[in-house]
Amino acid sequence: MKKRETKDAARTVAVAAYEGADLLDVTGPIEVFNMLNRCLSETAPEQPGYRIVLLAEKSGPFTTCPGVRIVADHAWDEFPETADTVLVPGSPDAALEVALKNRRLIEWLAQAGPCTRRLVSVCTGAFLLAEAGLLNGRRATTHWLDLERLRREYPEVEVENDAIYTRDGSVATSAGVTAGMDLALALVEEDFGRKMALAVARRLVMFLKRPGGQAQFSTQLRAQMVEGGQLAPLLSWLKENRCGRVTVEELANRAAMSPRNFARVFVRETGATPAKYLDQLKLERSIALLEETTLPLERVARDSGFTGAEQMRRAFIREVGVTPIAYRTRF
């Protein structure tokens with residue numbers, strides 16, 4: 001890798017793909033970067049945008065997860081430049097296992113990572129960065145289904161549970177699939193400013209900043225993930241009794257544990273403290289009522305377990321990023 005980006009050159013984004021990579025992990029961010037180029041061509045044609053280069057094990061066609069074949073420009077370790085940004089997509093488990101054992105890919109990432117201005121992963125692409133040692137001591141995220149595995153297999157990575165994407169220095173990681181587009185849009189804003197990022201978001205009918213965290217990583221899904229575990233009966237009880245006043249001591253008694261041990265087990269099995277989990281139960285119920293009914297806000301709040309509409313409003317602003325009224329209007 002020899003040639004470096006100059007101030008007046010387009011920023012090269014090298015997408016380091018591989019057999020079985022998720023198609024949208026590859027093409028979603030590319031579409032965001034390409035839309036920036038289209039917007040620039042209309043408003044500032046003299047300003048360089050992005051140059052996209054697709055890499056794989058060898059140049060030529062390769063097959064993505066849905067069976068769609070796309071064409072790589074170069075092999076990873078034959079790309080003759082230092083890219084401005086290297087982006088690594090994710091894939092389903094089988095393809096990911098093969099990629100993790102591909103020493104050419106891992107060694108190229110380990111070499112290229114420190115040389116590029118910005119290193120990015122989408123979904124389970126974070127595992128490839130971790131395998132290359134590029135996430136050690138850094139905050140990172142991945143798809144909600146794989147958070148615990150990332151934490152377990154790479155203990156030197158500080159895994160964030162509820163982030164759409166994380167930034168830690170020159171390294172950025174994103175949650176599942178479409179979150180790669182959210183991260184790409186954030187990179188556009190970093191490179192070209194809020195005005196251009198907003199223009200791209202409007203063209204793609206996206207939020208400039210999506211409200212909330214990994215919304216799909218819900219308390220109900222957490223409960224399903226610990227089904228059969230120590231806390232499964234308790235989580236079912238908690239869902240039905242979220243409107244009452246519940247203390248850690250009461251929950252610990254129901255689980256036949258000491259409060260201290262209960263708190264540790266609860267976080268280990270659900271990824272949240274009891275108080276946070278209960279808040280999320282209430283929030284999810286209120287979201288469902290806002291989407292599916294025309295009940296007044298005070299009734300929604302009470303039926304969800306909040307003390308009133310004001311407490312619900314504060315929870316929405318803190319966790320979702322918008323007020324309940326704004327949320328109902330949008331969704």
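Here are a few things to note about the model shown:
- Members of the range 252-298 found to be of a type in the set (Ser, Thr, Tyr) and crowded, with 18+ Cβ neighbours inside 10 Å, listed by number: Thr270, Tyr277, Ser286
- All told, Leu24 falls short of being at pLDDT 95 or above and in contact with a helix residue (DSSP H, G or I) (Cβ under 6 Å, 6 or more places away or on another chain).
- Condition met for Val205 (among the β-branched types (Val, Ile, Thr), surrounded by fewer than 23 Cβ atoms within 10 Å (Cβ to Cβ), under 16 Å from Gly28 (Cα atoms) and without any contact (Cβ under 8 Å) to a residue 12 or more places away in the chain): yes
- Subset of the range 16-43 [of a type in the set (Asp, Glu) and closer than 19 Å to Asp182 by Cα]: Asp22, Asp25, Glu31
- Any hit, the range 116-125, residues being assigned to a helix (DSSP H, G or I), over 26 Å from Glu148 (Cβ atoms) and among the polar types (S, T, N, Q): no
- Annotation: of all residues in the range 300-328 being part of a loop (DSSP other than H, G, I, E, B) and touching a Phe, Trp or Tyr at 6+ places or on another chain (Cβ under 7 Å), the one that is surrounded by the most Cβ atoms within 10 Å (Cβ to Cβ) is Val320.
- Every residue from the range 132-162 that is assigned to a helix (DSSP H, G or I) and surrounded by fewer than 21 Cβ atoms within 10 Å (Cβ to Cβ): Leu145, Glu148, Arg149, Arg151, Arg152, Glu153
- Evaluating Ser91 against the criteria (1) touching a residue at least 40 places away in the same chain (Cβ under 8 Å); (2) buried (at least 24 other Cβ atoms within 10 Å of the Cβ); (3) in a helix (DSSP H, G or I); (4) not acidic (Asp, Glu) leaves one unmet condition, (3).
- Taken together, the criteria exclude Ala110 from residues that are surrounded by 23 or more Cβ atoms within 10 Å (Cβ to Cβ) and assigned to a helix (DSSP H, G or I).
- Filter result for the condition that a residue is touching a Gly at 6+ places or on another chain (Cβ under 6 Å) and at pLDDT 95 or above, over Pro61, Pro89: Pro89
- For the range 14-26, a residue qualifies if it is in a helix (DSSP H, G or I) and surrounded by fewer than 20 Cβ atoms within 10 Å (Cβ to Cβ), and exactly one does: Leu23.
- Pro324 meets the conditions (1) under 24 Å from the mean Cα position of the chain (by Cα); (2) modelled with pLDDT under 90 in every case but one. The failed one is (2).
- The criterion of at least 3 residues that are closer than 30 Å to Ser174 by Cβ and at pLDDT below 80 is met, among helices (runs of 4 or more DSSP H) falling completely within the range 216-255, by 219-225.
The values are calculated or read from the model by the stated rules, or taken from the named source; none is laboratory data. Everything numeric here is computed off the predicted structure, so don't read it as measured data. Here Cβ is always computed from backbone atoms with ideal geometry, including for glycine, and neighbour counts include all displayed protein chains.
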